[in-house]
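To keep things clear, I will list the structure first and then write my remarks on it.
The values are calculated or read from the model by the stated rules, or taken from the named source; none is laboratory data. None of these values were measured; they are calculated from a predicted model. Note that each Cβ is placed from the backbone with ideal geometry, even for glycine, and that neighbours are counted across all protein chains shown.
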């Protein structure tokens, strides 16, 4: 098996470099902020590619539920994306590791996968949540992300294809190294 892929029961966990907005999967995960109103990085790219329908759904969620708390996620339609759904996941801002960041990051991956399973999707693409502007160290974040996803895929679920779409070589290499350390 290639070093960028792991088989977990009937499910596949894989790593690739690329643009998450172009993925042909059932759902993509957005590294959102608590306002759900779009932003920079992955969040801005998803809102631009998906068009105004995504923002409109986010506004409706805000009106009924308020902001999305750190460690949580909400789901909308995919707008103009190839993906049917966008899961807006709010990861933690890195404050040195003493503000429960690791638990919050694991929680956001877990919550995103639960939403995907509830929507009965089979394929999900994630970015590296919180490692850009939020400053979470990518080596630590990759281990948390992959371990959390691996544990989820060990359970019975409709989700059987999880991809991490990584934006640069440094992030990709960190995820490949973390994947090598995970035992099935």
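Return yes when residue 128 is at pLDDT 95 or above and crowded, with 19+ Cβ neighbours inside 10 Å and no when it is not. Criteria met by residue 128. For segment 22-48, a residue qualifies if it is out of contact with any strand residue (DSSP E or B) (no Cβ under 7 Å at 6 or more places or on another chain) and either closer than 29 Å to residue 160 by Cβ or part of a loop (DSSP other than H, G, I, E, B) (or both), and the qualifying residues are 22, 24, 35, 37, 38, 39, 40, 45, 47. Quick check on segment 49-76: of everything there that is part of a helix (DSSP H, G or I) and without any contact (Cβ under 8 Å) to a residue 24 or more places away in the chain, which residue is nearest to residue 100 (Cα to Cα)? Within segment 49-76, the match that is nearest to residue 100 (Cα to Cα) is 65. Taking segment 146-156 as the range and being in contact with a helix residue (DSSP H, G or I) (Cβ under 8 Å, 6 or more places away or on another chain) and either crowded, with 18+ Cβ neighbours inside 10 Å or farther than 17 Å from residue 124 by Cβ (or both) as the test, the residues that pass are 146, 148, 149, 152.
For the criterion of being touching a helix residue (DSSP H, G or I) at 6+ places or on another chain (Cβ under 9 Å), under 21 Å from residue 43 (Cβ atoms), in a helix (DSSP H, G or I) and at pLDDT 95 or above, residue 79 fails. Closer than 19 Å to residue 182 by Cβ, in a helix (DSSP H, G or I) and touching a strand residue (DSSP E or B) at 6+ places or on another chain (Cβ under 9 Å): does that describe residue 113? So residue 113 passes the test. Every listed requirement among (1) touching a strand residue (DSSP E or B) at 6+ places or on another chain (Cβ under 9 Å); (2) part of a helix (DSSP H, G or I); (3) closer than 21 Å to residue 43 by Cβ is met by residue 144 save one, (1).
Evaluating residue 120 against the criteria (1) under 17 Å from residue 89 (Cα atoms); (2) part of a loop (DSSP other than H, G, I, E, B); (3) modelled with pLDDT of 95 or more leaves one unmet condition, (1).
From the list 66, 44, 107, 40, the one residue that fits, being surrounded by fewer than 17 Cβ atoms within 10 Å (Cβ to Cβ), within 19 Å of residue 138 (Cβ to Cβ) and out of contact with any helix residue (DSSP H, G or I) (no Cβ under 8 Å at 6 or more places or on another chain), is 40.
Can you pull out the residues in segment 158-184 that are surrounded by 17 or more Cβ atoms within 10 Å (Cβ to Cβ) and out of contact with any strand residue (DSSP E or B) (no Cβ under 8 Å at 6 or more places or on another chain)? Passing the criteria: 171, 174, 178.
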